[in-house]
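Asks: Sending over a structure as structure tokens; questions will come in a sec.
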Amino acid sequence: MTYTSKKPRQANKLEHALESFIFKGRWLLAPFFVGLLFAVVLLLIKFFKQLYLMGIATFSATNQELLVGILTLVDTALLAGLLLIITFSGYENFVSKLDIDNHEDRPSWMGKVGFSGLKMKLISAIVAISAVELLKVFINSGAYPNDELLWKVIIHITFVMSGVLFALTDYLNSKTQSH
């Protein structure tokens with residue numbers, strides 16, 4: 001009787017050790033999020049380089065060139081924001097909660113964006129970035145052959161349709177889970 005009672009206890013200890021090891025494995029994701037923060041720093045450098053070049057060329061550039069430069073700045077800012085959303089939400093969803101509850105600058109969505117919300121924010125940002133890129137292309141449409149313009153529009157529409165399908169899937173999923 002003592003032998004059989006020890007066997008389940010040993011299995012429980014082994015199971016607990018394995019589960020603990022797997023749970024601690026979530027920290028393997030932390031370097032990815034640190035890397036994304038480093039990418040934001042690189043985008044910041046790119047942003048200021050573009051801003052500097054625009055400042056130098058302001059008086060000699062055409063309105064069209066300035067508009068493309070401004071759209072590039074917007075595009076860079078959108079991408080940096082997207083990386084921060086992924087970093088914060090990914091870290092909180094997969095690694096550990098950020099212990100900054102009482103900080104006055106804590107974004108209201110932090111701690112509330114689950115994996116589904118993260119997907120929606122991601123696809124929304126991708127669609128916005130794609131729209132800015134497409135606008136930049138159309139401002140300089142004379143520099144692109146028609147078939148390339150068509151492909152850029154098709155790619156943008158694909159992003160938009162993917163966003164709509166993600167939203168529809170999440171909506172249907174929420175309806176089936178609430179019943």
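The values are calculated or read from the model by the stated rules, or taken from the named source; none is laboratory data. In this text the structure is predicted, and so the values were computed from the model without any measurement. In this analysis, Cβ positions are derived from the backbone assuming ideal geometry, glycine residues included, and neighbour counts consider all displayed protein chains. In case anyone asks, the SASA skips ligands and DNA or RNA and just uses the protein heavy atoms, side chains included. Shrake-Rupley method; radii C 1.70, N 1.55, O 1.52, S 1.80 Å.
Asks: Set Lys and Arg Cβ to +1 and Asp and Glu Cβ to -1, take the dipole of the stretch 8-88 about its Cα centre, and tell me which of Ala39, Leu84, Leu28 lies farthest positive.
Replies: Leu28
Asks: Now for a separate question. Consider all pairwise Cα distances in the stretch 55-98 and report the whole-number % of them above 18 Å. Don't jump to the answer; show the numbers that get you there.
Replies: Working: 486 of 946 pairs.
Value for the stretch 55-98: 51 percent of Cα pairs lie more than 18 Å apart.
Asks: Listed highest first by mean packing, meaning other Cβ atoms within 10 Å per residue, what order do 70-83, 29-42 come in?
Replies: The most tightly packed comes first, giving 70-83, 29-42.
Asks: Just reorder Tyr52, Tyr91 by solvent-accessible area, largest first, 1.4 Å probe, all chains present.
Replies: Tyr52, Tyr91
Asks: Report the equivalent ellipsoid semi-axes for the stretch 48-179 in whole Å, largest first, defined as the square roots of five times the eigenvalues of the gyration tensor built from alpha carbon atoms.
Replies: That gives 35, 23, 9 Å for the three semi-axes.
Asks: Would you compute, for the Cα atoms of the stretch 24-91, the largest minus smallest coordinate along each principal axis and list the three values in descending order, in whole Å?
Replies: 57, 15, 10
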